[in-house]
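The values are calculated or read from the model by the stated rules, or taken from the named source; none is laboratory data. These figures come from a predicted structure and were not determined experimentally. In this analysis, Cβ positions are derived from the backbone assuming ideal geometry, glycine residues included, and neighbour counts consider all displayed protein chains.
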2 protein chains.
Amino acid sequence: MADPVSGGERISDAEHAVMEVLWHRAPLTANEVASAVAEGRGWSLATVKTLLSRLVAKQAVMTQPDGKRFLYSPALARTDYLGGESKRLVERLFGGRAAPLFAQLAEAEALSEADIAEIEALLKTLRREAGR
Amino acid sequence: MADPVSGGERISDAEHAVMEVLWHRAPLTANEVASAVAEGRGWSLATVKTLLSRLVAKQAVMTQPDGKRFLYSPALARTDYLGGESKRLVERLFGGRAAPLFAQLAEAEALSEADIAEIEALLKTLRREAGR
DNA sequence: CGTAGTCGATTACATCTGTAGACGATAGGT
DNA sequence: ACCTATCGTCTACAGATGTAATCGACTACG
């Protein structure tokens, strides 16, 4: 069976930008989404509508009627999406091991002081959980 | 001018599989690459040749003549590629912060014991370097 | 009641990607 | 000097993606 909700269809880069808007605030009309996403990207309203349609088709966004128009909301949790994408990358590039990813980021100087501190804290928590 | 080597053109998923072969062993003929990559993927020789051509066009692979044929070698370091891709993901999905990525992987249970240990060790090293 | 604006839906089209067949040069065997 | 196997190159084509115009339905103003 095709999975009902989470990792169904692939969400593209442009679509992701739209999701990001909806994760930030929802429900929104197509116009609101367009305005929000327009900052930075120079997309026309038509483009945003297309992206919304595709997302609805992929069941990543759900609609609810509001008079003559729709209100759009995410049907996919941001956490699920991020988790899936992260896992995909680790799978594809690092044979499923997260440690090399980390080493890579370190080498590419993509780790800030704050990152390191946070990760450290996270590790501590993880070890506590694993321990008990 | 188009940048000379590193982060130039985007390398696709299928192309990446070919790069992986060349990173493992090079230089290789198209046939050798095809055999190597064929395990798992069911690609025809023609397909692999196309991918090699595209990689050459993208300057991710370099050729050296060997009689009537070519020997292919990576022109892009694996490290650079991995670093670039990792950074792209972190940028795109986590606003450039690596820590949330880790939180995400942890949540998705994509962190093994070994991963955690390795990351811990790496952190120690990093802090030492940063300290001095 | 008609007309203009607004929506979502449909259609469009270039580029990229995955996948592969066809073609032309050529080297090696006979 | 041929024929054939082998290369790399060119061409092909379907599906995904980025980007947008157009269309048909409906609403609201006048």
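Yes/no per residue for (1) closer than 30 Å to A:ASP80 by Cβ; (2) within 18 Å of the chain's Cα centre (by Cα); (3) within 10 Å of DNA strand D (Cβ to nearest atom):
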position: B:ALA30; (1), (2), (3): no, no, yes
position: B:ARG41; (1), (2), (3): yes, yes, no
position: B:LEU45; (1), (2), (3): no, no, yes
position: B:THR50; (1), (2), (3): no, no, yes
position: B:VAL61; (1), (2), (3): no, yes, no
position: B:ARG69; (1), (2), (3): no, no, yes
position: B:LEU76; (1), (2), (3): no, yes, no
position: B:SER86; (1), (2), (3): yes, yes, no
position: B:LEU93; (1), (2), (3): yes, no, no
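Residue-level analysis places B:GLY67 among those that are more than 14 Å from every other protein chain (Cβ to nearest Cβ), free of Cβ contacts under 8 Å to residues at least 40 places away in the same chain and on the phi > 0 side of the Ramachandran plot. Among the candidates B:GLY95, B:GLY84, the residue that is more than 7 Å from chain A (Cβ to nearest Cβ), free of Cβ contacts under 8 Å to residues at least 12 places away in the same chain, under 17 Å from A:ASP13 (Cβ atoms) and of a type outside the set (Val, Ile, Thr) is uniquely B:GLY95. Scanning the stretch A:106-126 for residues that are surrounded by 13 or more Cβ atoms within 10 Å (Cβ to Cβ) and more than 7 Å from chain B (Cβ to nearest Cβ) gives A:SER112, A:ALA117.
Here the helices (runs of 4 or more DSSP H) wholly within the stretch B:9-102 that include at least 3 residues being among the basic types (Lys, Arg) and either within 30 Å of A:THR79 (Cβ to Cβ) or outside the structural domain of B:GLU120 (by TED's automatic domain parsing) (or both) are B:78-94. When B:LEU51, B:LEU22 are checked against the criterion of being touching a Phe, Trp or Tyr at 6+ places or on another chain (Cβ under 7 Å) and surrounded by 13 or more Cβ atoms within 10 Å (Cβ to Cβ), B:LEU22 stands alone in meeting it. The numbered conditions (1) away from DNA strand C (no atom under 12 Å from the Cβ); (2) free of Cβ contacts under 8 Å to residues at least 24 places away in the same chain; (3) surrounded by fewer than 17 Cβ atoms within 10 Å (Cβ to Cβ) are all true for B:ARG78 except (2).
The set of residues in the stretch A:19-42 being modelled with pLDDT of 95 or more, touching a strand residue (DSSP E or B) at 6+ places or on another chain (Cβ under 8 Å) and hydrophobic (A, V, I, L, M, F, W, C) consists of A:MET19, A:VAL21, A:LEU22, A:TRP23, A:LEU28, A:ALA30, A:VAL33, A:ALA36.
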